[in-house]
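K.L.:
One structure is given below, represented as structure tokens, and several questions about it will come after.
The values are calculated or read from the model by the stated rules, or taken from the named source; none is laboratory data. Owing to the predicted nature of the structure, the values given are computational and were not obtained by experimental measurement. Here the Cβ is made from the backbone with ideal geometry for all residues, glycine too, and neighbour counts use every protein chain on show. Heads up: the accessible areas ignore ligands, DNA and RNA and are worked out on the full protein's heavy atoms, side chains in. Shrake-Rupley method; radii C 1.70, N 1.55, O 1.52, S 1.80 Å.
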Amino acid sequence: MGYGREMLRTTPFHDRVAAANQTSLWSHWSGYLVVDKYQMAEKFEYVAIRNAAGLFDTSPLHKYRIVGPDAEKYLSYVLTRDVRTCRVGQAQYTIWCDDHGYVNEDGVVFRHGADEFLLTTAENNLSYLQKLVGNDRVEITDVSDDFGALSLQGPRSRRILAQLAPEIESLKYFEHLTTKIGDAPVTVARTGFTGDLGYEVHVERDHALDVWDAIVDAGRPHGLLPMGQIALMMARIEAGLLLIHVDFESSRFAENDHHRSTPLELGLGWMLPPIDDPRPFVGRGAIRAERTNKTNRWKMMGLVVDWHDYDAKYNAAGLVPPKDHVPVLDDMMVYDDNVERVGYATSFMYSPQLQRHIALARVRPDLAVPGTHVNLEFTIDHRYQQVGAHVARTPLFNPDRKTA
């Protein structure tokens, strides 16, 4: 395990990451140093994701190996989405809730065998998961430090990776397999956090630098660039992918219910089981009552700002309308035409791909219909002003290549 001067942890790829980082701009993620942007202009990295390929070090994700005769039974109780429908060689995006039906966190579960799973999470959930074991014959091991993880994303990612491991060509969306890159055993999954064609590679720590070098060498003729946090945030907003601490908070650490969210409020109702499904899982009763009584306060949707109105408001103030692609990860209020608050945006940016200002926002359920007119609040000349926008389904950018 590497440590920086400030006793921050470094990932298995740090030697390569640090050498490629032209800006020396870093952030902290779960105690690790991660790059904000490698290039002086982060848009280069974003353009690589959407037109060639970007390589992101996702090693700080927590990784839990869950094995035992009751592993499936245990996870089907802990996770809100039914893991029993996940076959060996598949992965699932999933969530886990508290007894009141509020979301604790989201993550991805990979099924490696009948009784063997790997769960990846953004935050530390080990003690929480262990407390729910009860009498189940399950062993949960934190293997976070044993592996590095790289995310290769973009339209040329398949071509790049297939040069190193041809069998990945057969991977379907949210499938994974074990193979080798050079002499290094790896697990490759067709997953990612950009809403594009992409793959994630898990490799043992001792082989990490060899795998980085192999992917970078194979990707160089295809325009591959390492990408940092800013470019990743841009891509995930276009893709409608939620980020903990930004678009929602963990129910375990929220100070009150205004900072908690149910699956329906996060737009994740699609992963809930049928309302009469007898499977017991944490939060089932509360979620069932919310669905029956339609008591969800919000629904997460996309917003697309009316550029005519946006430009007009800034021009009227004698200002050049800004088109800033750097994401704003903070609350922006949403109003109706009577200036009544009807929601709030949590992630906002100008999308270079869509050529529009877009946001992820919670809106009142009755307004969560594509095309509904709302107003998003901006600060223009140090005054609050509302600019027209319309509600849209997410993902706002959804290329066929992602799942084809």
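K.L.:
Heavy-atom accessible area per residue, the chain, 1.4 Å probe: how many Å²?
P.N.:
So the chain comes to 44 Å² accessible per residue, rounded to a whole number.
K.L.:
Please list the radius of gyration and Dmax for region 15-97, considering alpha-carbon atoms only, with Å as the unit.
P.N.:
That works out to 18.2, 51 Å for Rg and Dmax.
K.L.:
Still on this structure, please answer the following. With contacts defined as alpha carbon pairs under 8 Å and 6 or more residues apart, what's the relative contact order of region 79-215 in percent?
P.N.:
On the way: 219 pairs, mean separation 26.3, N = 137.
Over region 79-215, the number comes to 19 percent.
K.L.:
Starting from the Cα-Cα distance between His100 and Ala41, subtract it from 0.36 nm times their residue separation and give me the gain in nm to one decimal.
P.N.:
16.8 nm
K.L.:
Could you grab the relative contact order for the chain? Cα pairs under 8 Å, six or more apart, rounded to a whole percent. Present the calculation step by step, with values, prior to reporting the outcome.
P.N.:
Working: 890 pairs, mean separation 67.3, N = 404.
Dividing the mean separation by the residue count of the chain yields 17 percent.
K.L.:
What's the longest piece of the chain with no exposed GluC sites (Glu not before Pro), counting a site as exposed if DSSP puts it in a loop and it has at most 14 other beta carbons within 10 Å?
P.N.:
On the way: sites that count: Glu6, Glu255, Glu340.
The reported range is 7-254.
K.L.:
Hey, quick one: spin label on Val320, modelled 7 Å out along Cα-Cβ, who in region 214-238 has an amide N within reach, i.e. under 16 Å?
P.N.:
So the set is empty, nothing qualifies.
K.L.:
In nm², what is the average projected area of the convex hull enclosing the Cα atoms of the chain?
P.N.:
Working: hull surface 82.7 nm².
Approximately 20.7 nm², given one-decimal rounding.
K.L.:
What base-10 log of the normalised intensity I(q)/I(0) is obtained for region 285-404 from the Debye formula, alpha carbons as equal point scatterers, at q = 0.14, 0.18, 0.22 Å⁻¹?
P.N.:
For region 285-404, the Cα-only Debye profile gives -0.62, -0.94, -1.28.
K.L.:
Shifting gears a bit: Could you calculate the FRET efficiency of Thr141 with Arg220 from 1/(1 + (r/R0)^6), where r is the beta carbon distance between them and R0 is 41 Å, rounded to 0.05? Mind showing how you got there, number by number?
P.N.:
Working: r = 37 Å, r/R0 = 0.90.
Efficiency for this residue pair is about 0.65.
K.L.:
Loop only per DSSP, at most 15 neighbouring Cβ atoms within 10 Å: give me the trypsin sites (Lys or Arg not before Pro) in region 61-110, ordered by residue number. Don't jump to the answer; show the numbers that get you there.
P.N.:
Values: sites: Lys63, Arg65, Lys73, Arg81, Arg84, Arg87; in loops: Arg81, Arg87.
Hits after loop and neighbour filter: Arg87.
K.L.:
May I pose another question? Which trypsin sites (Lys or Arg not before Pro) does region 279-336 hold that lie in a coil by DSSP with at most 11 other beta carbons within 10 Å?
P.N.:
Numbers: sites: Arg284, Arg288, Arg291, Lys294, Arg297, Lys299, Lys313, Lys323; in loops: Lys294, Arg297, Lys323.
Qualifying residues, ordered by number: Lys294.
K.L.:
Same structure, new question: Express the relative contact order of region 230-321 as a whole percentage, based on alpha carbon pairs under 8 Å and six or more residues apart in sequence.
P.N.:
Reported relative contact order: 21 percent.
K.L.:
Taking the alpha-carbon distance from Lys402 and a cut-off under 20 Å, which lysines remain once sequence neighbours fewer than 8 residues away in the same chain are dropped?
P.N.:
The qualifying lysines are Lys172.
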